[in-house]
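Engineer: Shown below is the structure under consideration.
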């Protein structure tokens, strides 16, 4: 593989890592192996730390392809806990409020979920990287400042129920959506639509465009590939 000239890497982002962590790890490993100081490395679509799954990482001249990948549809499998909310809409923050769930039935879930298919308006989470007045929204949130985030129009191409457990009040869904969709915010809105509350307890991105979870390597396997590079074929000048 020629990481300096440019490669497109399909990788499974580990749970607990930020997208920035993953890109930084890959860049540092390549630079250290090839004895170079700089290398362009970027990714096509952020994943939250508490999510795993498909990330497309580009190096060298292939970073020009990032925009192309970013605008491709993405598929997720998400598990929601019904009856409770958190400020971050996932497990990053503790539960701040609980809601009744006795009225939530399989029939109600089957009525509500299809209403999210098509064009929808979504307010991004306060704990997100979206910029408001030049600052990331999560910066305001961590300082306890309230801000107004404008809704954005998105497209949900497909949404289906994979499992509903009425005893544990968990709901697993598969979602195919456009760029910029926050699955955490979708969980919040589903909770509201069910006349209750909800937050994400598990999230995996299973596809970007035609790239599936099964196409991806893990970070340990990629590290082995990088370590097998014959660095003598590369110049030792900064890129």
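Here, each number is a calculation from the coordinates, and none is a lab measurement. From a predicted model like this one, the values you see are computed outputs, not experimental measurements. Cβ placement follows ideal geometry from the backbone for every residue including glycine, while neighbour counts extend to all protein chains displayed.
Engineer: So, how do all the Cα-to-Cα distances of the range 74-208 break down into 10 Å bins, in percent, from 0 on up?
Structural biologist: 12, 44, 35, 9, 0
Engineer: In bins 5 Å wide, starting from 0, what share of all Cα pairs of the chain does each bin hold, as a percent?
Structural biologist: All Cα pairs, binned at 5 Å, distribute as 1, 6, 13, 16, 17, 15, 12, 8, 6, 4, 2, 1, 0, 0 percent.
Engineer: Out of the DSSP beta bridges found with both residues in the range 74-208, what percent are antiparallel (nearest 5)? Numbers along the way, then the final one.
Structural biologist: Working: 34 of 34 bridges.
Here the antiparallel bridges make up roughly 100 percent for the range 74-208.
Engineer: Can you give me the relative contact order of the range 74-208 as a percent, contacts being Cα pairs under 8 Å and 6 or more apart?
Structural biologist: On the way: 275 pairs, mean separation 58.9, N = 135.
Contact order relative to length: 44 percent.
Engineer: Here is a further query. Sorted from largest to smallest, which semi-axis lengths in Å does the alpha carbon gyration tensor of the range 145-185 give for its equivalent ellipsoid, taking the root of 5 times each eigenvalue?
Structural biologist: Working: eigenvalues 130, 59, 7 Å².
Each semi-axis is √(5λ); the values are 26, 17, 6 Å.
Engineer: Let me ask something else about it. If you count the DSSP beta bridges with both ends in the chain, what percent of them are antiparallel, to the nearest 5? Let's see the in-between values first.
Structural biologist: Numbers: 45 of 48 bridges.
DSSP beta bridges in the chain are roughly 95 percent antiparallel.
Engineer: Can you tell me the FRET efficiency between residue 71 and residue 152 if r is taken as the Cβ-Cβ distance and R0 is 22 Å, rounded to the nearest 0.05?
Structural biologist: Numbers: r = 15 Å, r/R0 = 0.68.
Computed FRET efficiency for residue 71 and residue 152 comes out at 0.90.
Engineer: Given R₀ = 30 Å, FRET efficiency for residue 103-residue 123 by Cβ-Cβ distance, to 0.05? Kindly include the intermediate steps, with their values, before the conclusion.
Structural biologist: On the way: r = 25 Å, r/R0 = 0.83.
E between residue 103 and residue 123, to the nearest 0.05, is 0.75.
Engineer: Another question, then. Mean separation of Cα pairs under 8 Å and 6+ residues apart, divided by the residue count of the chain: what relative contact order is that in percent?
Structural biologist: Details: 485 pairs, mean separation 71.3, N = 239.
RCO, the chain: 30 percent.
Engineer: OK, next. Could you calculate the FRET efficiency of residue 212 with residue 168 from 1/(1 + (r/R0)^6), where r is the beta carbon distance between them and R0 is 25 Å, rounded to 0.05?
Structural biologist: Numbers: r = 28 Å, r/R0 = 1.13.
That pair, residue 212 with residue 168, gives E of 0.30.
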